[in-house]
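The values are calculated or read from the model by the stated rules, or taken from the named source; none is laboratory data. All values derive from a computational prediction rather than experimental measurement. When we count neighbours, we look across all protein chains shown, and the Cβ atoms used for this are built from the backbone with ideal geometry, even at glycine. What goes into the accessible areas is simple: the full protein's heavy atoms, side chains included, and nothing from ligands, DNA or RNA. Shrake-Rupley method; radii C 1.70, N 1.55, O 1.52, S 1.80 Å.
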Amino acid sequence: MKTPLMVSPLDSFDEVEKLVASGAGEFYCGIIPVQWQKKYAPASIDRRPRGQSHFESWESISDTIEKAHRLGTKVNLTINEHYYIAEQYELIDAFIKNAVFAKADSLIVSDPALIFYIKENEIPIKTHLS
């Protein structure tokens with residue numbers, strides 16, 4: 001019987017190899033974009049407090065996803081606050097486009113309206129309900 005792989009939070013590029021060696025086969029993490037921080041702080045885009053499984057930039061997330069993929073693991077980005085208001089969708093849309101560009105494997109989403117938004121706009125990324 002094959003041992004199931006763990007899903008692990010991920011905080012940095014440097015953790016990938018150690019966590020994969022420990023059995024992680026899939027990661028979840030997030031980023032709080034600077035524009036979001038300026039406009040909506042202290043609210044997070046993904047329910048976790050600042051500094052917990054968040055990356056500092058899209059460049060660092062992209063590099064980390066590339067490394068994880070080379071090691072055969074998936075990286076899912078969290079955007080799973082319970083709901084978002086209409087005025088937040090401009091920043092959310094940018095977040096999703098950056099996630100696609102960074103080659104994230106999927107988004108972990110809680111807000112049903114956001115799931116419909118992704119589907120209706122035919123955004124090419126998988127979603128998982130949180």
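Considered as a group, the residues in the stretch 73-86 that are more than 10 Å from the chain's Cα centre (by Cα) and at pLDDT below 95 include one that is least open to solvent (accessible area, probe 1.4 Å), and that residue is Y84. If the condition is being in contact with a helix residue (DSSP H, G or I) (Cβ under 6 Å, 6 or more places away or on another chain) and in a helix (DSSP H, G or I), then the stretch 6-28 contributes F13, V16. Pairing each residue of the stretch 107-119 that is touching a residue at least 12 places away in the same chain (Cβ under 8 Å) with any residue that is surrounded by 15 or more Cβ atoms within 10 Å (Cβ to Cβ) and small (G, A, S), provided the two are 6+ apart or on different chains, yields C-beta distances under 7 Å for L107/A99; I108/S130; V109/S130; S110/S130.
Could you please let me know if H54 is surrounded by fewer than 17 Cβ atoms within 10 Å (Cβ to Cβ) and touching a residue at least 24 places away in the same chain (Cβ under 8 Å)? Considered against the rule, which asks whether it is surrounded by fewer than 17 Cβ atoms within 10 Å (Cβ to Cβ) and touching a residue at least 24 places away in the same chain (Cβ under 8 Å), H54 comes out as no. If you take the residues of the stretch 5-48 that are more than 15 Å from E81 (Cβ to Cβ) and among the hydroxyl-bearing types (S, T, Y), which of them is farthest from the chain's Cα centre (by Cα)? So the residue we want is S22.
Note on the stretch 9-18: among residues that are farther than 14 Å from R70 by Cβ and not hydroxyl-bearing (S, T, Y), the one that is surrounded by the most Cβ atoms within 10 Å (Cβ to Cβ) is L10.
Would you mind stating whether E81 is without any contact (Cβ under 8 Å) to a residue 40 or more places away in the chain, out of contact with any His (no Cβ under 7 Å at 6 or more places or on another chain) and in a loop (DSSP other than H, G, I, E, B)? Yes: the conditions hold for E81. Scanning the stretch 58-72 for residues that are part of a helix (DSSP H, G or I), over 12 Å from the mean Cα position of the chain (by Cα) and not basic (K, R) gives E59, S60, D63, E66, A68, H69. Candidates in the stretch 105-130 are the residues that are of a type in the set (S, T, N, Q) and in a loop (DSSP other than H, G, I, E, B); of these, the one that is surrounded by the fewest Cβ atoms within 10 Å (Cβ to Cβ) is N121.
Given the condition among the β-branched types (V, I, T) and surrounded by fewer than 17 Cβ atoms within 10 Å (Cβ to Cβ), answer yes or no: does some residue in the stretch 93-104 qualify? Among the residues of the stretch 93-104, at least one is among the β-branched types (V, I, T) and surrounded by fewer than 17 Cβ atoms within 10 Å (Cβ to Cβ), which makes the answer yes.
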